[in-house]
Every structure is written in C-alpha cells, then in structure tokens.
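Heads up: the structure comes next, in structure tokens.
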C-alpha cells in the first residue's frame, strides 16, 4: 500500500498541549498526501467494481438463459400432462366401471338371495293363508 505504520500514526500526534489554540499548534493540511495515498485504493476499488459489474452481467445472462430453458421444460411438462390426461381419464373411467360392475354384481347376488328367502317364506305361509281365505269365503255362504 505504501504508507508506513509510523507515518499513519503520525497523523494522530497531538499538535500541542491542551489549552487555547496557538498559531503554531494547528497542523498543516495533508490533503495532497491523503489524495496520493487514497488514489491507489480508489484505483483498486474501481478495478473491483469493474469485476463485480462483469460478474453481475454474467449472472444476469445465466439467469436469462436458465429462465428460457425452464420455460421450455415447463411447456414440455404441461404438454405431456395434457397428452396423458385423456389416457388417464379413460383408465380411471375403466377402473370406475369395473368397480361399479363388481358392486352391481354383489348387489344383484344379495337381491337374488333376498328374493329366494321371500319366496321360500311365502311358499310356507301361502297354503295356510289360502286355507284361511277359503274358510272365510265359505263361512259367509253358510
């Protein structure tokens, strides 16, 4: 950097004893020295700023490139999903129809069993009812 530690610390040396200021105690301006010392730092900062700007520009290009790639990939995924949607719907409907047929089949089996039980019971009870109806009908005739 070019500034010795002693020179740096010299800046903080008291110019005189505490008390009222006197003309000899006021330090001379060191602006030209400071400007030459800081010029090198500002040059380095300018180089660092240029590098940072270059990095930001490269990053922005990468972002735009990746956005474009991502947009293409998203469109492909959406197109695939849309093309598969019909197939998935058909498969779902087929599975639902199979489940409905299976349920209908079990309901029909249960209904047939209930019908058989009703017919068996009616078959047992019908002769007695028939006898009661005939007896009732003939009792009114006598």
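The values are calculated or read from the model by the stated rules, or taken from the named source; none is laboratory data. Computed from a predicted structure; not experimentally measured. We place every Cβ from the backbone using ideal geometry, glycine too, and count neighbours over all the protein chains shown.
Below are the figures for this structure:
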item: Residue within the stretch 30-40 that is loosely packed, with under 10 Cβ neighbours inside 10 Å and at pLDDT below 90 present; result: yes
item: Exclusive hit being touching a residue at least 12 places away in the same chain (Cβ under 8 Å) and either part of a helix (DSSP H, G or I) or under 30 Å from residue 4 (Cα atoms) (or both), set 45, 41; result: 41
item: Selection status of residue 65, in contact (Cβ under 8 Å) with a residue 24 or more places away in the chain, part of a helix (DSSP H, G or I) and either under 33 Å from the mean Cα position of the chain (by Cα) or closer than 30 Å to residue 8 by Cβ (or both); result: no
item: Residue identified as modelled with pLDDT of 95 or more and either surrounded by 10 or more Cβ atoms within 10 Å (Cβ to Cβ) or under 60 Å from the mean Cα position of the chain (by Cα) (or both) among 76, 116; result: 76
